[in-house]
Amino acid sequence: MYLDIIIGIIIVFSLLYGLRNGLFVEFLAIFGLVVNFIIAKKYTPAVIEFLGLSKDKDRYFVTYIITFWAVYILLGIVIHLVRNILKNQSKGIATRVLGGVIGIAKGVLLSVLILLIYNYSTDMYTSLKKYSKGSYTNEIFLEVVPNIEKYVPEVFQDKIKELKNLELINRYVNKLF
């Protein structure tokens, strides 16, 4: 349930920012987020090799997250500069509504990233599992994630398959009792 609240807050704030920023800035933001996922997936092995780290899955996970946030911050600076340039332009209702729609899409992408991190982290920190009890967003995430597995790093794919199998087992056990 707590996980649902966090995801809901992220999506609502993304909607509000989208309405405020308009179509063009939000399009750049979501395009930047997609590019960010691609860059993080492609360059994480290079960062691991450059730093001389071992290639175990925990270090890959941490390096992926750090690479993702570093690129996210750099793209955020560029988007902030574009927003300052476009600040004086008037935004019509259609531009704001379309910005809100794209803002929701950006919120969903960020939510997917948070759910990936959360589901991966529950192995290392078992006390986190209590926050996903009764979570509809996590159930939906585990059902939808096979469609996006090719865009997810291999380290996360193994964990997702494990969680999906565990979720299926729990459903069948709950139906029996």
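All conditions in (1) buried (at least 20 other Cβ atoms within 10 Å of the Cβ); (2) at pLDDT below 85 hold for Val82, with the sole exception of (1).
The residues listed here are Phe61, Phe13, Phe31; of these, the one that is surrounded by 18 or more Cβ atoms within 10 Å (Cβ to Cβ) and under 16 Å from the mean Cα position of the chain (by Cα) is Phe61.
Figure legend. Inter-residue proximity from the stretch 61-75: first residues within 11 Å of Ile39 (Cα to Cα), second residues in a helix (DSSP H, G or I) and among the hydrophobic types (A, V, I, L, M, F, W, C), beta-carbon distance below 7 Å, spacing 6+ or different chains. Indicated pairs: Tyr64/Ala40; Thr67/Ala40; Thr67/Val47; Phe68/Ala40; Val71/Ile39; Val71/Ala40. Number of residues in the stretch 76-88 that are hydrophobic (A, V, I, L, M, F, W, C) and in contact (Cβ under 8 Å) with a residue 24 or more places away in the chain equals 4. Would you check if there is a residue in the stretch 126-146 being within 14 Å of the chain's Cα centre (by Cα), modelled with pLDDT under 80, assigned to a helix (DSSP H, G or I) and of a type in the set (Val, Ile, Thr)? The answer is yes; a qualifying residue exists.
The values are calculated or read from the model by the stated rules, or taken from the named source; none is laboratory data. Since this is a predicted model, take the numbers as computed values, not measurements. Positions of Cβ are generated from backbone atoms using ideal geometry, with glycine treated the same way; all protein chains shown enter the neighbour counts.
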